[in-house]
Structures are given as C-alpha cells and as structure tokens.
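Following: one structure in structure tokens, then a few remarks.
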Amino acid sequence: MNAKFDPQVRMIPVSQINILNPRGRGKKKFAQIVANISHLGLKKPITVSHVSGKNGDARYDLVCGQGRLEAYIALGQTEIPALVVEGTKEDLMLMSLAENLARRQHTSVELVREISSLKERGYTHTEIARKTDLDVTYVKGILQLLAKGEERLLQSVEKGQLPLYIAITIATSDDKSVQRALQEAYERNDLRGKSLLQARRLIENRRMRGKKPRGAPRKPSGSPVSTEDLLKTFQNETLKQKMIIQKAKIWETRLLFAVSALKQLFQDEHFVTLLRAENLDTLPQYLAEQLGHSKGSP
C-alpha cells in the first residue's frame, strides 16, 4: 500500500465524517465499546481520509474506526481524535480490511492470559478490573480458573454458556457439590433448558477429555506403550470377558430353575386359582413365552 499518514493526531468534528460502508454490529458489542471508551477513554484514534465537500467545506471519509466513531457520537462528543491518511481508493480499502483483520477478537484463552500478565506484573485484582473494564469478582474468578488450567471452562464462561460461579465450583468441588450448584443455578433461573444441557455436556467432556478444549496442544500422557503393557492389557480384558460370560451362565441357570419351578406351580389348580383371586395372574412376556402362555397369564 502507498497510503501516506499525517503522524499528528487531529481533533475532527464528528459531523464532518462520512461512513461510506457502514457495518452492522450487535447491541451488546456496541454497548461494550461505549462503556470502554466512557471508562477508559479512546485508546486508538480513528483513521480518515480528506475529501472536498460540495461547498468546498472540509469533509472526511472514514477508513477505520466505525465503532469508535459511533460510540463517541452516542456519548455526545462533538470531536474525535483522528489520523488523516492520503491514498487511492484501493489503498484505503485495503487499509480498512487490514485493520479489521488485525482487530480480530481474542479467544477466551488469549484474553485471560492478558489478565494473568497484568497480575504477574504486580497489579491488584481491583486495578486489573479497572484497566480492563471488567468486574473485580469476574477477574478473580478468571485468574482462579487460569491457575488451574481450566481452559475448557474459561471458553464456556467467555462465550456466556456457563456462569462464572458454576465454572469455579466445577473446578474446585466434587461431583456432589457440582450437582448441587447446578440445581441451585436451575432454581435461580441461571441455567434452564438448553443451557443446562450444555453445562452437563461440558462437565462430561471435561471429565472424559480433560481441561483443555479440542484442538489445544496437549502434553504427552506418559511413556511410550511397550509390548509387555499391551499384552498385560489384553490379558486383563480377556479375564474381564471370561468373568462376564461366567456371570451370564450363572444367571441363565437361575432363570431356567425359576422357569422350571413356575411350570410345576402352574400345574396346581389351587395355586392358579389363588393367583387369580389376588389379581396376580399375569407374567412378564419372556416368562409367559417360556411357560407356553402366549397371552402372559397362567
């Protein structure tokens, strides 16, 4: 790109800036931008290009920073810090595209690592919350999860799929406490329907697949498996299968004994009459078939 910047930041009236290709933005995201600028100020000036107005008045086309500009307008500001750039239409479009890509939203893990970095540099929880415009309780919880390597839970919290206090409970408590916390979340209407099912699925995935989400690098689980280890595993599995077969044979024998005993009992008319009198003359389908009673009764 051959665009040229004026290195000096200018204060430009927002009324003189044209948004040529406005982009839609969710209300929640926009409210966050407004809150950040209100609390922390504008961290990065917008970028504009100078154009001539109809009457020769100074006008500017917006290159980068629609969200920041609209937030300034929402806050009632009449001027905004801006860098003025000169270049062809193609250069300006490429510049806008490049900034949009560079402004890619951080993943949850990247976000909490930045919070952790502030903590390592000596900032208190309150100072981190102030600098990041986050709630101090949220910061404490995030740091607690990060210290335990709970990246799977962190992603769910950042995506709004799981309340922070539930994530901390999952990371620090036993199964009984976790189930109790889920019940309380249901009663408080924090987790209902699909959200509750997602939370239970998350807990199961964490138990089966670990704390890191799919695609995260994992450390080797141990030393390479040897031939002796494989042979031992095979022998153990064979022994388990033999025990299952043995138990199945025992239950088959018991079932045959029960069928034989019932056949003898049902040959006694007094016994059958007593069963009918007590409304106990129906049988499970399998037993009825074994005894030759297709309708399930003696």
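Some observations on this one:
- For LEU134, the requirement of being at pLDDT below 80, surrounded by 14 or more Cβ atoms within 10 Å (Cβ to Cβ) and over 18 Å from ARG209 (Cα atoms) is met.
- Filter result (basic (Lys, Arg) and touching a helix residue (DSSP H, G or I) at 6+ places or on another chain (Cβ under 7 Å)) within the range 22-58: ARG23, ARG25
- Contact map, the range 51-68: residues that are among the acidic types (Asp, Glu) paired with residues that are in a loop (DSSP other than H, G, I, E, B), Cβ distance under 7 Å, separation 6+ or inter-chain. Pairs shown: ASP61/LEU20.
- Selection within the range 243-281 - in a loop (DSSP other than H, G, I, E, B) and surrounded by 13 or more Cβ atoms within 10 Å (Cβ to Cβ): ASP281
- In the set SER15, SER38, SER52, only one residue is among the hydroxyl-bearing types (Ser, Thr, Tyr) and at pLDDT below 80; that residue is SER52.
- Subset of the range 45-70 [small (Gly, Ala, Ser) and under 16 Å from MET11 (Cβ atoms)]: ALA58, GLY65
The values are calculated or read from the model by the stated rules, or taken from the named source; none is laboratory data. On a predicted model such as this, the values are computed, not experimentally measured, just so you know. A quick note on method: Cβ atoms are made from the backbone with ideal geometry, for glycine too, and the neighbour counts reach across all protein chains shown.
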